[in-house]
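These notes concern the structure reproduced below.
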Amino acid sequence: MSKRLQAVRGMNDVLPERAALWQSLEAVVREVLADYGYEQIRLPLIERTELFSRSIGEVTDIVEKEMYSFPDRNGDSLSLRPEGTAGCVRACVQHGLLHNQVQRLWYAGSMFRYERPQKGRYRQFYQVGAEAFGLAGPDVDAELILIGARLWRRLGLQDVALQINSLGVPEARNRYRERLTEYLRSQFDALDEDSRRRLESNPLRVLDSKNPQMQPVLDAAPTMLEYLDQGSRLHLDRLCRLLQRAGLHYQLNPRLVRGLDYYTRTVFEWVTSSLGAQGTVCAGGRYDGLVQQLGGGEVPAAGFAIGLDRLVDMLADQGHPGAATQPTLYVVSAGDRAELEAQALAETLRGRLPGLRVEQHCGGGSFKSQLRRADRRGARYAAIVGEREAEEATVTLKDLRSDLPQETLSWEALVKKLQPALACGSVEE
Ligand code: HAM
């Protein structure tokens, strides 16, 4: 026997049973984004590698060691997108969407990072991102955060907590970085290996360390909030007031730094304790310098991305069933002529009642085995076409979920009878 091939590590198949949950989640996310006036933008999966190194930052984990980069046949270095913000900005600049205009956009799709796979962390994962361009104030930061809050509410998720921080403007952050580096150097002996490495390349990321032994050193570290410029402080204060007015609880976490370099001022994360180590289900912030950095004008911007794989895991853990996929009607037949009529009936119903789930039995077999299959598929009704029905242009309807007697109807009467099933999944008697 030939060797069976497996999916690439960290890249998951979503089987039909789980796909139903994905579909309901995606539908709710789209609905909420539309409610807030966000419009969809569809972006390529592959971009020039340079786009990511220039935006996410050369000395970040993502660019240094997690990108799927390859030369194309021209020798240009391309990469599978590790995130969506850079591509979204690139597209907006390329198509002139940002000239004195406000844009509220969203995108969805797979992202790729060569990370060590574990529950909630995959090499291909799915994000929905929202980006707002042309708005400099904390009002839109609050709006982006409120979108998250509304989404958790609609999904019935309670265990998701908000953390916010401000990284200030670049000058303030540079001052803070110097001060932090100085402090960390003075604590060098207490730093773990990872932090020693980061100390020189990206000292802010040392604050991210989850190592319990590092916590006393980090607790005593100077915080960004002490170094914030006046403008960023006012921005943060106003954001806090807006969130308070909206009744949102948040934790001001001065150690929240994010793993991408483009952020300025507000950063935030929505974190759950129910998923173990990979608990951040949504993250984002403001990136006022990025549009200009990528060749556009001086356009303020802010956004977030939700990790859908993690949300699906969370919903599944809570027993969320997802969208129904069972057929409403399962069409069975026996005999040559009946088979012709049964197929024509199924097509007629699909034409007359779009949205009604009609599954046609294929592959023959006795009525008994066909009805058993209808039951296993979870169908509500079976439409039975035998020789007699075929001759009379009728159909026998059997309710598979009750003891009601079956009835023989004309096709037209069946259409009328099934009409209400479109709305509620069953027919009123
Ligand atoms: P990020 O924090 O790198 O930000 O990713 C956002 C979310 O994507 C994470 O909070 C997590 O839920 C999910 N995620 C990230 N990596 C993985 C992974 N390996 N496996 C599963 N899920 C993952 C960004 O990507 C920014 N572009 C967000 C943003 C938009 N900021 C402003 N606008």
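Values in this text are rule-based calculations from the coordinates and carry no lab data. Given the structure is predicted, the values throughout are model-derived calculations rather than measurements. Note: ideal-geometry Cβ built from the backbone for every residue, glycine included; neighbour counts use all protein chains shown.
Tabulated data for the structure shown
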| read-out | value |
| --- | --- |
| Difference of contour (0.36 nm per residue) and Cα-Cα distance, L225 to V59 | 57.4 nm |
| Virtual spin-label span in nm between Q292 and E392, 7 Å along Cα→Cβ | 8.1 nm |
| Residues D159 and N12, FRET efficiency given R0 of 22 Å [Cβ-Cβ distance, rounded to 0.05] | 0.40 |
| Helix-only [θ]222 nm of the chain, DSSP H runs n ≥ 4, -39500 (n - 2.57) each, per residue, nearest 500 | -12000 deg cm²/dmol |
| At R0 = 22 Å, FRET efficiency that the Cβ-Cβ distance of R175 and S201 yields, to 0.05 | 0.75 |
| Under the Karplus curve 6.51 cos²θ - 1.76 cosθ + 1.60, θ = phi - 60°, whole-Hz ³J(HN,Hα) for the range 372-388, x wherever Gly or Pro sits | 4, 5, 4, 5, 4, 6, x, 5, 7, 10, 10, 9, 9, 10, x, 4, 5 |
| Rounded to whole Hz, the Karplus (6.51, -1.76, 1.60) HN-Hα couplings of the range 31-37, x for glycine and proline | 4, 5, 4, 5, 4, 8, x |
| Cα-derived Rg over Rh, computed across the range 259-399 with Rh taken as Kirkwood radius | 1.36 |
| Computed FRET value (nearest 0.05) for A246 with L404, which takes r as the C-beta separation and R₀ as 41 Å | 0.20 |
| Rg/Rg_globular for the range 128-280, with Rg_globular taken as 2.2 N^0.38 Å and Rg from C-alpha atoms | 1.10 |
| Label-to-label distance, nm, for residues given as R4 and D189 (7 Å Cα→Cβ offset) | 5.6 nm |
| Kirkwood Rh, Cα atoms: Rg over Rh of the range 1-122 | 1.02 |
| Calculated Rg and Dmax of the range 329-424 using C-alpha coordinates, Å | 12.1, 34 |
| Listed peptides 374-386, 9-21 by packing density, highest first (mean Cβ within 10 Å) | 374-386, 9-21 |
| Relative contact order computed over the range 329-424 (Cα-Cα under 8 Å; 6+ residues apart), in percent | 31 percent |
| When the chain is reduced to its Cα atoms, the Kirkwood hydrodynamic radius in Å | 25.2 Å |
| Net lengthening on full extension, R377/E26 (0.36 nm per residue, minus Cα-Cα) | 123.9 nm |
| Using alpha carbons only: equivalent-ellipsoid semi-axes of the range 80-188, gyration tensor based, whole Å | 27, 23, 19 |
| Over the chain, relative contact order from alpha-carbon pairs under 8 Å, at least 6 apart, % | 15 percent |
| Karplus 3J(HN,Hα) series, Hz, for the range 297-312 with 6.51 cos²θ - 1.76 cosθ + 1.60 (x for Gly, Pro) | x, 7, 10, x, 7, 7, x, 8, 9, 9, x, 5, 4, 5, 5, 4 |
